[in-house]
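The structure appears right after this line, and notes come after that.
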Amino acid sequence: MRSVTLLSLLLLVCALPARAALPVTPARALLTLAATPAGLRSQLLAYADSAAASDPVGAGEALGYAGTSFQREGRVDSAIVCHRRAFELLDSEESLLALVDQLLLRRGAGDAAEAIRLLTAAQAASERSSPPALVGRIAWAHFLQGGADTAAKLFAVVEDPLLPSNEWRFRMARVAFALKDYHRTVELLLPVAIRARGTDDEVIELLEQASKEAGIGPRVQAEVLRGTSDRDEVELTLAAALGGRLLAITASDGFPLGGLLVPAALPPRSRTARRGSAAAARTPALLAVLLLAPGDTLASGDSLALALRRHGITTLMLYLRGHGASVNASCPSPDAWFDREAALQARIALDVRDVVRGVRRATPVDSTRYLVVGVGASATMAVEAATLDPRVKALLLVSPAPALVDRGLTRARLAGLGLPVFFQIAPDDFDATYAITDALYQAVDRSASHKAESRAGGRGLVQFRYDPALAARFLAWLDATLRPAAPAPAKAPAPRPTPPAPHRQG
């Protein structure tokens with residue numbers, strides 16, 4: 001049975017595009033073929049067990065993917081088992097970091113000590129004297145064991161490469177606060193607080209304590225407000241330039257969602273319309289819900305939103321939870337996604353329905369059908385949103401990049417939907433997205449769908465800025481795909497009955 005399975009995988013591998021970014025291994029083939037996370041893990045673990053002796057590298061790869069799938073559902077213990085076995089087989093830095101991050105998250109008895117032992121051995125074997133990824137984790141593990149002094153000395157060696165990460169800033173601030181270096185704590189935390197718009201309770205509590213001890217409390221609070229306001233001012237300027245406005249919508253679970261609403265441009269008014277006749281009534285515009293990719297800003301989608309506006313389509317560019325204006329204490333930053341990606345992706349798919357209701361209250365839109373746009377990693381959520389709401393009639397997937405362990409799930413959902421899908425790939429995203437785009441395209445109704453590659457530069461949504469023809473090509477496809485339903489022919493009036501002849505009396 002195992003030989004038949006492997007033969008089937010090899011045949012599928014040969015059928016995949018020759019330009020795929022990564023060489024296709026049996027484990028990687030399973031990522032695209034498995035239709036559910038549970039099914040994927042079962043197949044990966046079965047392959048790892050069968051191939052551990054003959055193909056230890058392939059078995060380790062399969063175990064790493066299984067561990068990633070477990071951790072995305074918050075199943076830390078199962079993830080640790082898989083990542084530990086993967087590290088034993090692969091002895092790679094990638095498998096080591098995956099294991100250590102789960103150990104330091106669980107913080108069970110002996111977890112920090114095991115992390116320090118493994119990381120220290122890897123550092124000694126490294127060609128670099130102080131690899132930031134290793135030394136930073138050693139420092140954090142020492143802090144969790146109560147060694148703030150040791151952690152501070154280690155962090156000092158690798159501080160510069162770690163500073164761009166908000167999570168590492170927070171960790172270094174924890175160490176500085178423990179050592180009563182309150183000014184340094186404030187310096188590290190202030191950018192983190194501003195990015196989270198003051199919603200990260202843990203950051204704000206530590207920042208308030210440190211600023212109070214440093215005697216600069218009110219000034220720091222004002223800085224957080226000013227920094228948040230400055231970020232809003234940039235987005236307000238963009239909203240005005242696009243003829244739109246920033247929109248705040250409360251999701252059905254109470255989470256605050258933020259985005260930019262760009263209403264469809266009004267058509268030229270005819271003489272009849274100016275006289276206020278019935279012809280003046282406008283047909284509600286088609287709505288496009290655009291899920292920004294993680295890391296994108298509203299400016300990333302300005303060219304596409306403007307093209308949709310001019311074409312008579314209303315667009316909501318929505319920040320995902322933990323990004324931009326879509327933050328609160330339960331998800332204040334992108335770092336809050338760690339180990340609960342599956343739950344947040346499912347919740348964002350529900351957010352799409354919630355924001356459609358919010359847009360309808362703000363501006364007239366067609367309530368019977370709408371378009372969802374997914375970009376990069378948000379393509380996964382766009383596809384799931386379409387499975388939840390039959391009013392989604394088409395999808396635009398821009399440089400789709402589902403997480404590796406979500407590839408098969410996304411493909412299976414698209415196959416089950418049967419919706420028309422337009423795939424747009426940028427050359428700068430080519431290596432990362434061509435293979436999965438082709439696999440997704442093979443799963444949809446190809447007679448109604450389209451796959452296009454840009455010849456200009458740019459990544460993700462930005463490619464529309466460099467080549468206006470991209471939006472024009474997509475809109476032509478959309479017009480052909482979502483033609484307005486032909487009105488039902490008017491029924492001819494029934495003939496009037498012939499009155500009876502008058503009765504004559506003889």
### Task
Evaluate the following for Leu306: is it among the aliphatic types (A, V, I, L, M) and either out of contact with any Leu (no Cβ under 9 Å at 6 or more places or on another chain) or crowded, with 23+ Cβ neighbours inside 10 Å (or both)?
no
### Summary
Note on region 291-325: residues part of a helix (DSSP H, G or I) and either in contact with a helix residue (DSSP H, G or I) (Cβ under 7 Å, 6 or more places away or on another chain) or small (Gly, Ala, Ser) (or both) are Leu298, Ala299, Ser300, Gly301, Asp302, Ser303, Leu304, Ala305, Ala307
#### Entry: Output for region 425-453, where each listed residue is under 21 Å from Leu298 (Cβ atoms) and not in a helix (DSSP H, G or I)
Ala426
### Query
Within region 38-62, can you find the residues that are within 28 Å of Ala343 (Cα to Cα) and touching a Phe, Trp or Tyr at 6+ places or on another chain (Cβ under 9 Å)?
Leu40, Arg41, Leu44, Ala59, Gly60, Ala62
#### Entry: Close pairs from region 167-179: first free of Cβ contacts under 8 Å to residues at least 60 places away in the same chain and more than 21 Å from Ala336 (Cβ to Cβ), partner of a type in the set (D, E, K, R) and assigned to a helix (DSSP H, G or I), Cβ under 6 Å, at least 6 apart
Ala176/Arg184
## Note on the structure
Across (1) closer than 23 Å to Arg321 by Cβ; (2) surrounded by 14 or more Cβ atoms within 10 Å (Cβ to Cβ); (3) of a type in the set (Asp, Glu), Asp201 clears everything bar (2)
### Task
State which residue is farthest from Asp55 (Cα to Cα) when the search covers only region 105-117 and only residues that are in contact (Cβ under 8 Å) with a residue 24 or more places away in the chain and crowded, with 17+ Cβ neighbours inside 10 Å.
Ala112
### Query
Right, Asp351: farther than 27 Å from Leu246 by Cβ, of a type outside the set (A, V, I, L, M, F, W, C) and buried (at least 23 other Cβ atoms within 10 Å of the Cβ) or not?
no
### Message
Among the residues that make up region 81-96, is at least one of them within 30 Å of the chain's Cα centre (by Cα) and among the polar types (S, T, N, Q)?
### Response
yes
### Message
Among (1) closer than 25 Å to Thr68 by Cβ; (2) out of contact with any Leu (no Cβ under 8 Å at 6 or more places or on another chain); (3) in contact (Cβ under 8 Å) with a residue 12 or more places away in the chain; (4) not small (Gly, Ala, Ser), there is one condition Pro164 misses while meeting the rest; what is its number?
### Response
(3)
### Task
State the number of residues belonging to region 182-202 that are among the small types (Gly, Ala, Ser) and either more than 17 Å from Leu257 (Cα to Cα) or touching a strand residue (DSSP E or B) at 6+ places or on another chain (Cβ under 6 Å) (or both).
1
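Conditions (1) at pLDDT 95 or above; (2) touching a helix residue (DSSP H, G or I) at 6+ places or on another chain (Cβ under 6 Å); (3) over 19 Å from Ala307 (Cβ atoms); (4) crowded, with 16+ Cβ neighbours inside 10 Å, marked per residue:
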position: Ala385; (1), (2), (3), (4): yes, yes, yes, yes
position: Gly416; (1), (2), (3), (4): yes, no, yes, no
position: Asp431; (1), (2), (3), (4): no, no, yes, no
position: Tyr434; (1), (2), (3), (4): no, no, yes, yes
position: Ala456; (1), (2), (3), (4): no, yes, no, yes
position: Arg459; (1), (2), (3), (4): no, yes, no, yes
position: Phe474; (1), (2), (3), (4): yes, no, no, yes
#### Entry: Which listed residue is over 24 Å from Pro294 (Cα atoms) and touching a residue at least 12 places away in the same chain (Cβ under 8 Å), from Asp467, Asp428, Asp445
Asp445
### Task
Would you please name the residue that is nearest to Arg310 (Cα to Cα), looking only at residues in region 241-270 that are surrounded by fewer than 11 Cβ atoms within 10 Å (Cβ to Cβ) and either in contact with a helix residue (DSSP H, G or I) (Cβ under 6 Å, 6 or more places away or on another chain) or free of Cβ contacts under 8 Å to residues at least 24 places away in the same chain (or both)?
Leu266
### Message
Step by step: first the residues of region 366-383, then only those that are modelled with pLDDT under 95 and of a type outside the set (Gly, Ala, Ser), then the one that is farthest from Asp296 (Cα to Cα). Which residue is that?
### Response
Thr368
### Query
Filtering region 204-233 down to residues that are surrounded by 13 or more Cβ atoms within 10 Å (Cβ to Cβ) and among the polar types (S, T, N, Q), which residue is nearest to Ala248 (Cα to Cα)?
Thr228
#### Entry: Every pair of residues 6+ apart whose Cβ atoms lie under 6 Å, when the first sits in region 42-61 and is outside the structural domain of Glu94 (by TED's automatic domain parsing) and buried (at least 18 other Cβ atoms within 10 Å of the Cβ) while the second is of a type in the set (Asp, Glu) and part of a helix (DSSP H, G or I)
none
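The values are calculated or read from the model by the stated rules, or taken from the named source; none is laboratory data. Bear in mind that the values here come from a model prediction, so they are computed numbers and not experimental data. Ideal geometry is used to build each Cβ from the backbone, glycine not excepted, and the neighbour counts take in all protein chains shown.
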